[in-house]
Structure formats: C-alpha cells, structure tokens
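Beneath this line is the structure, given in structure tokens, with notes to follow.
The values are calculated or read from the model by the stated rules, or taken from the named source; none is laboratory data. Everything quoted here is computed from the prediction, not taken from an experiment. In this analysis, Cβ positions are derived from the backbone assuming ideal geometry, glycine residues included, and neighbour counts consider all displayed protein chains. Keep in mind that these areas ignore ligands, DNA and RNA; they rest on the heavy atoms of the full protein, side chains included. Shrake-Rupley method; radii C 1.70, N 1.55, O 1.52, S 1.80 Å.
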Amino acid sequence: MLKHLYIKNYALIDALDIDFASGFSVITGETGAGKSIILGAIGLLLGQRADPKAVKGDATKCMIEATFDLSGMNQIATLTKSESSMARWFDDNDFEYDDTCCIIRREVTAAGKSRGFINDTPATLTQMRELGEMLIDVHSQHQNLLLQKDNFQLKVIDIIAANAKVRNEYTKAYKEYHKAKKELEDIRNAAEAAKNNEEFMRFQFDELQSAMLQDGEQEQLEEEQQLATHTEDIKSALYEVDNLLNNDDNGIVFMTSQTTQRISSAVPIYPKLSELADRLESSLIELKDIAQEINNEASAIDFDPERLAYVNERLDKIYFLEKKYKKENISELLEEQERLRQTIDMLDCSDDDIIKKEKEVEVLFTTAQKNADKLSKSRKDIVDSLQNDVVTRLVALGMPSATFKIDIETRELADDGQDKVAFLFSANKGMPLRPVAQVASGGEIARLMLTLKALISRAVKLPTIIFDEIDTGVSGKIAEQMAAIMRDMGNSDRQVLSITHLPQIAACGAHHYKVEKHETQEATTSVMRLLDKEERIREIAQMLSGSDITEAAMTHAKEMINANS
C-alpha cells in the first residue's frame, strides 16, 4: 500500500510531501491543475522512461520517493500458506528486505541522467518495473483500449481462473517442443542444402584426397627445388674452393703445411714458439678436414632433370590447390579435406538424425498438447461464471440489456496455449453480440473495464490501484454505482485511489485529496493536500454547481457525503 509520496522539483511541483490512507480515496482538481503530473511522477517510480525536461525550472535534478507498506502482502502470504512472492523477489535480486516497509526512489538530472533506488540500493529500471507491478496498478483512460486486444482478454481469463501453475507447466512444455521443432527444421535445412551440394563436395574431397598431401611436404619440396635449380652454381663454387684449398703449389692447405713446418723447426732454439706451432698444427688438421668435406660435397652433388621435373610438378599441384581453396598451406588444405569428409559422413547419416529428432519432437508435442488441453479446460471452466458476474455488474452499472459472452476457439499451439479468445458484447436488447472493439462506446468500455478490474482484484491481491478518470462518459446513478464498486474494492484490504471529475464518485471516498495550481508573478506551481470535512463539502459543491457555489449545492454536497459515510 502507498503510504507516503515525496516529489521535489518535478514539472510544476516545487515540493510535495503527502501521506495516503488505506481504503477508497479520491483525488479531484480542475483540468490542468497537475493530477497527470503526479501520475507521471509515480510512473517514474514504476520504471517509465525519464524526460529531463520534467526537471523544474533552474533545478539540477528532480526526485520522487514513495514509501510502501508491505504488511498486507505478508498477511496474504500467511492466509495462502505460501512464501511471500515479494520476499522471494527481494532475495532473488539481492535487495535488503523489510517485511513492513519498502522505499523506492528515482532521481533525474537536467542533463538527462537517471538513477533508481530500492531501499537505498541502486536498482535498474527493469527491477523498478518488476517491483512496481507487484505494488501498484495505475489504470488510465488509454488502458481501456487494452480491452480490445486478444492477449489482454486471455490474460483476464487466466488471472480469474488462477491457473498460473497449469500455465507455467504448459509454457515449459511448449518451450521444449518449440526448441526441438526449431532444431529439427535446422537439421532438415542443413541436410537439404548439403544434398543439393553433395556431388560438388564429393568431387572436392576426392580431389584433395587423391593429392595425398603430407603436412610439411611443401617446405621440403621447395628446399629441394631451390637446390636443384642452382646445382651448377653450387658445384662451381665448391670446385673453386677445393682448388683454393688443395692446389699443390699455392693451395691454402699446402701453404699452411709449409708454415707449420717452418715454425716447428724453430721451436728447439726458441721454445716460446711452441704454442703457436701447436695452434698452426690444429688449424692445418681442420683445413684438411674441411677440404675433404668440400671435395666430397662437390663429387656428391649431381643434377637430376627427372627429379626436378617431379618436384616442380608436385609443387604446381600444391600451389593450384591452395589457390583454388583459398588456403595458405598444406595444413589448411588437410583441414578442409577433413571438413568435407565430416560433411559427407553427416549426409550419409542425416536421414537417421532426422528420424530420431522427429520422434523427439512428436513426444514433446504430445506432452505440450496434453498441457494445452489442461490449460484450455482451466479457462473454459470459469467462462460461465465470469460471463454471469460481468453481466450482473453491468446491469448494476445501468446497462440492463447488456449481454456478454466469451468465445474460445482452438488454434495451433502458441506460447500462451491453443486458445483464441474474443470478448463479445452487446449493450442493447436485440443487438447481436460482436467483438468489444466493434460495438462498445467509451462509456460502455469504461464500465466493462471497471467490472473486469473488480473481478481481477479478487484474484490478484494487488495492494494499490489508481484509477485515472475511469468514469469518462458516465454520470448520475451510473457514477454512483462505479464509485460503490471502487469503494468495495478499497474495503478488501486494498488501497484504491480514483482521480475523478464527478461529484458522485468524489462523495464516496473515505479520504479526499485536491490538486491545485497556484500562479504567481514568478512561477506556476502545483500542490496537493488532504481536505478536511468542510473543505470537502465545498469542493464537491463546486463540482456540482461550478465556480459560483450555491447554498443548494452546499446542502446537496453535505447530503452526498453523509449518505456515503
């Protein structure tokens, strides 16, 4: 239940600090006084999009804060012997839970930044919206249009049927069936696409497989090609080096040998040369070894035209395949070959996979259909009583010839079941039943919507309901009956607030609030206050007679209030 509302620097409101009571309360005020502004502020608390233009004047930010009493929610949980869904929501979203009080705050800066808080903990707009749906229902005039939508009509039936458990079971079964059905469709499409391309894929696989590619082969062949292509240059270089090393007259080996002998002959007379002589001897041994290896390499290198032709042909094949398949190396070609092999294998067993998935889909469909039948039954079981309740209430609301029927047709399974629902309505005797959207006037829709809201409120223990001018298009006795319905709703552990222009409804409220607009030379502001008894009589008298309040209007207003006390 909404206990307290604080608004600062929002639109025309400098500061509003007001308490609300339980039961049925009314809010009145002239057109343009600011009633819609207050609803807009409450909408921000319920997660609606913020408009920075709503920040008042030169203020840097606006703030809206509401305090809710949650004790009624806990009483409901106790009566139904179930865990409080409110407590469960707070736990699931990691917010501190107080079983008596909840504070929601929204701040919007002039720069367009917005912040939300639940019990002083930062909250997302989605979280504020979810919590708000459990705390308060704001019914404005445009929501009457919801009555014309099939999904809303089906939702009304489900709420009154209290079939949440059955519907959840169906939703779970349908999601599993729908997922499997989509997977089957994907498998079929993939198999069909693959089969259309099967011949080409088999050709590609055979082409790659017949090439008998080996990882690392390309590098080895390229090295061999490089060697074969430059054989003569390599042999010439080796022979030249061999001649430099082994020439009998002035070869490096011969000259080093002579040098070694000469320095060794001087060692006996000059021992210090012994180390140098040893080093030259070691160098001579190394040079002879090098000369021998070079001679061997020069003799071993040979040019094989046939081998070079094979290497060139093999590399041409590899380069062709890499270019054709847009791959960088043999490793990637082998990966493509394996992919083709797996796809072809899948083609060979795709029929078995499709048959297996078809059986799975069939089983899941049967389960979903059984749950859909249960869901349909839960809906159809309450149709007669719901139709009678609606007609009875419409008669009390001044529609003695009204007829109302709920038509349920079977359709293909969807996420909300297999039922297509239509609310059929006729306001006048002898007129055929037709869909609500085609035959109901604004006043008739308002009365029908109020009737459904009253019935819904019995099934859903929503703590606070705000009606924004639901009395549009009605007056007199009908307005009194509408007020009586809202008052009864407020007497059932619920808070009902009605924004109204009708004195008949205003007189029924247990509490009366007024929204006023004050204009000064500096600014225009909106305020809201709780009226005392005398102020209330005067307000209703003004609603009856206009700005010139007559004594008769005052007397009539007093009588209306006393009659509803």
Ordering 56-65, 40-49 by per-residue average of other C-beta atoms within 10 angstrom, highest first, gives 40-49, 56-65
Residue span K175 to E534: 0.36 nm per residue of separation minus Cα-Cα distance leaves a gain in nm of 123.2 nm
For K288, the lysines lying under 27 Å Cα to Cα, once residues fewer than eight places off in the same chain are dropped, come out as K235, K272
Which of (1) 209; (2) 344; (3) 195 is the computed volume of the Cα convex hull per residue in Å³? It is (2)
Given pairs K155/K374; K179/K356; K514/K558; K182/K327 and cut-off 23 Å on Cα-Cα distance, the over-length ones are K182/K327
Expressed in angstrom and rounded, the centroid-to-centroid distance over alpha carbons for region 512-531 and region 261-314 is 112 Å
Here FRET efficiency (C-beta to C-beta, E223 to E360, R₀ 51 Å, nearest 0.05) is 0.40
Partner lysines whose C-alpha sits under 16 Å from that of K53, ignoring same-chain residues fewer than 8 away, are K8, K61, K113
Accessible-area order for Y6, Y174, largest to smallest, probe 1.4 angstrom, reads Y6, Y174
Ignoring ligands and nucleic acids, E222 exposes an accessible area, probe 1.4 Å, in Å² to the nearest 10, of 70 Å²
Expected vector for region 7-23, Karplus 3J(HN,Hα) from phi with 6.51, -1.76, 1.60 and θ = phi - 60°, integer Hz, x for Gly and Pro, equals 10, 9, 6, 10, 6, 8, 9, 6, 7, 10, 9, 9, 9, 10, 9, 7, x
Projected onto the charge dipole of the chain (unit charges on the beta-carbon of Lys, Arg, Asp and Glu, signs +1, +1, -1, -1), the Cα from N312, Y239, G57 with the largest positive-side position is that of G57
The FRET efficiency for K429 and N168, from their Cβ-Cβ distance with R0 = 41 Å and rounded to 0.05, is 0.45
So for R0 = 25 Å, FRET eff. of K380-Q438 from the Cβ-Cβ r, to 0.05, ends up at 0.55
